[in-house]
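Worksheet: one structure, shown below.
Throughout, read-outs are computed from the coordinates displayed, never taken from laboratory work. Worth saying up front: this structure is predicted, and the values here are computed from it rather than measured. Every residue, glycine among them, receives a Cβ derived from its backbone with ideal geometry; neighbour counts consider all protein chains shown.
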């Protein structure tokens, strides 16, 4: 008997008395008065024994093909719905009643009983979330995120990336850490300031932990439903790796916060931390605490570089896999920009094939295949359905991005699907939701789009990418909280 089966059996036995005879409210189809369709489920454990270890989004997508655009499922003790339809996702996430977060233990490792509303920005909800999000968005806007004035920061970090890559002189290299460092340096500028100098070893470990945590969290999801599983040998190892890495992360961020207090006593607003201190001094809100700042920095930093770095890795992997497409993009860049000046945000409209390729990478890779789960804050309606309070909501973005109705031949890599008939302009992006949608759409969307465009164009402008001799691509993802590439090597030859 494998570890998963054993854990599920123990979980069922230990919670049977609690759930036995307990009647639960379930999502209802108003047109029929019947519960939503659902996959085969067992008492207590629900559908968890039938979830593929390859990735939850694969299982949800298989069920979607049988059950339709929305279905319910019992994930252990948790009542969930899975939305596989673009219009329903947009409708749901436009409603305040769908803006809650499930209180998963593994995402609340920094929770403090002394500050119950200090839980960062990703896991917060209600007024706490609204307040922190408003401040984040206004601060990003003040720093020029999304405006052409911020492109110089990204260009500077891209120069560092290009120099590092050039040092390898075409030898096989794993670009994971290079890309993570380049993107995280951009985020660090926003959060910690232009002059922030990190300790190389500690910061590399910090970045590595954030990247690895995305994989670990996906493989340890059962502990979100039964936290006592952490005492079993298999889960205990994962749990200790997560908590050890998280504690290290918090130590790094606490030190940065304390350093900002000492080095910037006048609170000159040149980074997010300083802006946070000013906001705290100007407001009576008890939510602007050092602890909440630390958790918010952790959220923004992790979300701010991990998905962008992963998307760039996928983009280079597909460039190696499709060398003729790579040549086409480089010809476009040479024609519109040349090989001397760095790419600029204003070049994006003149690089339709390059931009379409990035969109297709985001679609086919679906780095955040289920987005981040939401929770229903009150009984509400969604289309023809009644959804009870506290239901967890998954948006199956992977299915939407691979639905032939939205994208014909979805398993084929075809950047031209995002181009008009003359291949001169981007269009048909309405079915693509790499940053989710609605009230909890990714607040860093504008920054991520700038980074992807400028880093990708700069890399193709200066290098030709190939697999090492004899190597082949493995385009299957390494599934966790995100869809990451499997480890691979490439050779970057200066152009």
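Roughly what would the spin-label model give for residue 236 and residue 346, points 7 Å off Cα along C-beta, in nm?
If labels sit at residue 236 and residue 346, their model points lie 6.3 nm apart.
Over the chain, consider all pairs of different Cα atoms and compute the Kirkwood hydrodynamic radius from their mean reciprocal separation; express it in Å, one decimal.
Radius from the Kirkwood sum: 24.0 Å.
Please order 441, 183 by the number of other Cβ within 10 Å, starting at the fewest.
The most exposed by this proxy come first: 441, 183.
I need 399, 206 ordered by Cβ neighbour count within 10 Å, fewest first. The partial results should precede the final answer.
Numbers: 399 27, 206 21.
By the 10 Å Cβ count, ascending: 206, 399.
Where does the chain land at 222 nm, in deg cm²/dmol rounded to the nearest 500, when only DSSP H runs of n ≥ 4 count, each adding -39500 (n - 2.57), divided by all residues? Mind dumping the intermediate values first?
Working: 15 runs with 236 residues, N = 495.
Mean residue ellipticity at 222 nm (helix-derived): -16000 deg cm²/dmol.
As a footprinting exposure proxy, order 234, 493 by other Cβ within 10 Å, with the fewest listed first.
The order, fewest Cβ neighbours first, is 493, 234.
Helix 56-67 sits at what angle to the longest principal axis of the chain, using alpha carbons and giving 0 to 90 degrees rounded to 10?
Its long axis makes an angle of about 60 degrees.
Across 5 Å bins from 0, what is the distribution of all Cα-Cα pair distances for segment 374-482, in whole percents?
Cα pair-distance distribution for segment 374-482, in percent: 2, 8, 10, 15, 20, 18, 11, 7, 4, 3, 2, 0.
Take the alpha-carbon centre of segment 377-439, take the same for segment 127-193, and report the distance between them in whole Å.
27 Å
Compute the separation of the alpha-carbon centres of segment 277-295 and segment 241-256 and state it in Å as a whole number.
Their Cα centres are 20 Å away from one another.
Relative to the first principal axis of the alpha-carbon coordinates of the chain, what is the inclination of helix 272-282, with its axis defined by its Cα atoms, in degrees from 0 to 90 and to the nearest 10?
Tilt of helix 272-282: around 60 degrees.
If you average the sequence gap of Cα pairs under 8 Å that are 6 or more apart and divide by the length of segment 32-186, what percent do you get for the contact order?
So the answer I get is 13 percent.
Normalised by the residues of the chain, what does the relative contact order come to in percent, with Cα pairs under 8 Å and at least six apart?
Values: 713 pairs, mean separation 118.7, N = 495.
Worked out over the chain, it gives 24 percent.
How far is helix 3-19 tilted off the main Cα axis of the chain, in degrees rounded to 10, range 0 to 90?
40 degrees
Quick check on the chain: of the DSSP beta bridges with both residues there, what percent are antiparallel, nearest 5%?
85 percent
Can you give the Kirkwood hydrodynamic radius of segment 230-273 from its Cα pairs, in Å with one decimal?
Hydrodynamic radius (Kirkwood, Cα pairs) of segment 230-273 is 12.6 Å.
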